Amino acid sequence: MNEKMELAGRLLKKLLKWFILPLVLIIAFFLMGEQFEVGRLSAIASCEGSLNTASCIRSKGYLAGYPYYPDLTRRYFGSFARFIGGDLGASYRVEPQPLPALKVNKDGENPEDDPEEKDDAPPPATKDKLPPAKK
């Protein structure tokens with residue numbers, strides 16, 4: 001009976017050493033990378049309304065495009081989290097900002113190109129061409 005207990009003890013030690021400990025490390029690395037990704041996405045969301053989004057994101061410690069992180073540690077952990085999280089169904093994609101809509105008439109023409117709708121205001125005065133003086 002003692003031999004069976006020793007065999008079971010050795011099997012549990014090997015199981016702990018070769019299966020459970022690496023699994024715990026993988027889960028810890030995923031959670032750490034996930035936190036880096038959450039920080040990156042929150043920085044992108046906070047810079048959404050700024051005039052220069054790329055410089056705003058850089059001021060928060062991230063890069064505006066791929067690889068997203070300036071240092072290797074966060075880059076590797078973040079890419080590992082995107083890899084595992086993407087397989088689990090998470091989406092880390094940031095939608096590009098839409099371009100402003102073009103004003104279109106009912107006829108399908110651009111109103112800025114239509115000479116009939118332009119205002120007949122005089123051109124602005126410049127130093128060389130002053131408007132005629134009124135008497």
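When restricted to residues that are under 11 Å from the mean Cα position of the chain (by Cα) and either over 15 Å from residue 34 (Cα atoms) or at pLDDT 90 or above (or both), the range 70-96 contains 3. Among the conditions (1) at pLDDT 90 or above; (2) among the polar types (S, T, N, Q); (3) touching a helix residue (DSSP H, G or I) at 6+ places or on another chain (Cβ under 9 Å), the only one that residue 55 does not satisfy is (3). Which one is most open to solvent (accessible area, probe 1.4 Å), of the residues in the range 49-69 that are without any contact (Cβ under 8 Å) to a residue 40 or more places away in the chain and assigned to a helix (DSSP H, G or I)? Going through the qualifying residues, I end up with 58. The residues of the range 23-48 that are open to solvent by 50 Å² or more (accessible area, probe 1.4 Å) and either polar (S, T, N, Q) or more than 19 Å from the chain's Cα centre (by Cα) (or both), listed by number, are 23, 24, 25, 26, 27, 29, 35, 42, 46.
The values are calculated or read from the model by the stated rules, or taken from the named source; none is laboratory data. Since this is a predicted model, take the numbers as computed values, not measurements. Methodologically, a virtual Cβ is constructed for each residue, glycine included, from the backbone with ideal geometry; neighbour enumeration extends over all protein chains shown. Areas reflect the complete protein model, heavy atoms only, side chains present, ligands, DNA and RNA absent. Shrake-Rupley method; radii C 1.70, N 1.55, O 1.52, S 1.80 Å.
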